[in-house]
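Heads up, the thing below is written out as C-alpha cells.
The values are calculated or read from the model by the stated rules, or taken from the named source; none is laboratory data. Treat the numbers as computed from the prediction; the structure is a model and nothing was measured. Neighbour counts are summed over all protein chains in view; Cβ atoms, including those assigned to glycine, are modelled from backbone coordinates with ideal geometry.
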Amino acid sequence: MAHQSLYRTYRPRTFNEVEEQPQVTQPLIEQVKEGKIGHAYLFAGSRGLGKTSVARIFARAVGCTEKDLYEIDAASHNSVEDIRTLTEGVYTLPFESPYKVYILDEVHMLSKAAWNAFLKTLEEPPAHAIFILATTELEKVPETVRSRCQVFEFKKPSRAALAQLVARVAKKEKYKLDPDAAELVALLADGSYRDALSVLERVLASASGTTLSRAVVETVTGAPKRELVHGLIAALAEGSRGAALVAIERTAKSGADMQLFLMLVIESLRATLLLRYAPDLHKALAAELGKDEYETLSRYAKSETKPGVTHATLLAFLNAVERIRFSPVPSVPLELAVFELMGSEDA
C-alpha cells in the first residue's frame with residue numbers, strides 16, 4: 001500500500017474536526033440543519049487552511065456521494081472550453097444524490113472569457129447543482145462572481161493552535177514532540193495546517209528515536225540553530241556591538257535562512273521582555289519555550305547592571321523585518337539594527 005501523507009491522513013472529515021474556523025463551519029452547519037442550502041459558495045483564504053476539506057465535508061453533509069462530487073483544478077482547467085464542458089454537464093441529473101456538487105480550486109486562475117461563460121450558470125444553476133469555489137486570492141475573483149456567492153473567509157490559525165496540532169498528531173504516530181520543537185514546527189508552517197503536517201512528516205521520517213527535540217527539528221529542516229540565536233541575544237543583553245555582529249556573521253556563514261533567523265531572534269527578544277515585565281506569564285512561557293530556553297532567556301531577563309534587552313532592542317529588530325525583504329545582503333538589516341542600538345561607541 002502506498003504511503004499516505006500526514007496531511008491526508010489527518011484531514012478533517014467532519015465539521016467538528018475542523019480547527020479554528022467557526023466563522024465558516026457554524027453557518028454551514030446551520031444551513032444544513034435548516035435545509036437552507038445555497039447554490040454558490042466562495043471559500044477564500046491562504047493555502048493550507050482546509051478550504052477544499054471543508055468543501056468536501058459540506059458536500060457530504062448535504063447528501064452528495066462520491067459519484068456526484070466533482071473536483072476541478074481551475075489552475076489547469078481555466079479556459080472557456082473547460083467551463084463550457086462543465087456547464088453542459090451541470091444540467092444532467094445526479095446519479096444517486098439530491099445534489100451534484102462542483103468544487104473549483106484556485107478559481108481565481110480562470111480566464112476572463114471563462115468567467116463570462118460561467119456567470120449565467122453560476123447565477124441560475126439547476127436546483128440540484130451546488131458550486132463551491134475556493135481561492136487563495138480573493139481580490140482576483142471578479143466582483144460579479146463574488147456578488148453571486150456566499151463568501152466565507154478562512155483565517156490563519158494561531159501559532160499555539162498549530163503547535164498543539166503537530167504535538168497531537170505526533171502522539172498519534174507514537175512520537176513525543178517536545179513543546180519547543182512543536183513551537184518551531186508551527187513557526188516554520190507560517191500559518192498553514194498543511195505545511196505544519198508536512199514539516200512534521202519530514203521530521204518523523206528522519207527521526208532515530210521516539211522523542212523529538214527542537215535540535216532534531218533544526219537538523220531536519222535546516223532552521224537556524226538555537227545557539228546562534230542565543231549568541232546574538234547574549235551580545236545584545238551585554239551591550240557588546242562586536243559580539244552581536246560576530247553572531248550575525250556566524251549565522252550568515254552557516255547558510256541559515258536569515259529571515260527565519262530574524263523571526264527567531266524577535267521571538268526570543270519578546271519572550272525575554274515578557275519574562276522581565278510579566279511574571280504572571282512565566283508558567284505559560286515555561287510550557288511554550290521548554291526548560292532550556294526558558295532558563296536561558298530568564299537569565300537575560302534578569303540582567304540589571306548592563307544595558308540588557310529593552311523595548312528599543314525589540315523595535316530595532318522589528319524594523320529589520322521590512323528591510324530584509326528588499327536587502328540584496330540578508331544580514332545587513334540585522335547589522336543595521338545593531339548599529340542603531342549601539343551607535344559608534346566602543347563595545
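Observations, loosely collected:
Results for (1) closer than 29 Å to L341 by Cα; (2) at pLDDT 90 or above, shown as yes or no for each residue.
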| position | (1), (2) |
| --- | --- |
| A207 | no, no |
| P224 | yes, no |
| L232 | yes, yes |
| E249 | yes, yes |
| A256 | yes, no |
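Residues checked against (1) among the aliphatic types (A, V, I, L, M); (2) in contact with a Lys or Arg (Cβ under 8 Å, 6 or more places away or on another chain):
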residue: F154; (1), (2): no, yes
residue: R168; (1), (2): no, no
residue: E173; (1), (2): no, no
residue: A182; (1), (2): yes, no
residue: A186; (1), (2): yes, yes
residue: L204; (1), (2): yes, no
residue: T211; (1), (2): no, yes
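- Applying the criterion of being outside any loop (DSSP other than H, G, I, E, B) and touching a Lys or Arg at 6+ places or on another chain (Cβ under 8 Å) to the residues of segment 298-331, the residue that is modelled with the highest pLDDT is L314.
- Total residues in segment 133-185, condition of a type in the set (S, T, N, Q) and in contact (Cβ under 8 Å) with a residue 40 or more places away in the chain: 4
- Candidate set from segment 239-260 (those that are touching a Ser or Thr at 6+ places or on another chain (Cβ under 8 Å) and not polar (S, T, N, Q)); member that is nearest to A301 (Cα to Cα): I248
- Restricting the first member to segment 75-102 and to residues that are in the same structural domain as I130 (by TED's automatic domain parsing), and the second to residues that are among the acidic types (D, E), the beta-carbon pairs closer than 7 Å and six or more apart or on different chains are A75/E106; P94/D68; F95/D68; E96/D68; S97/D68; Y99/D68; K100/D68; V101/D68.
- Some residue of segment 195-212 being more than 29 Å from S53 (Cα to Cα) and touching a Ser or Thr at 6+ places or on another chain (Cβ under 9 Å): no
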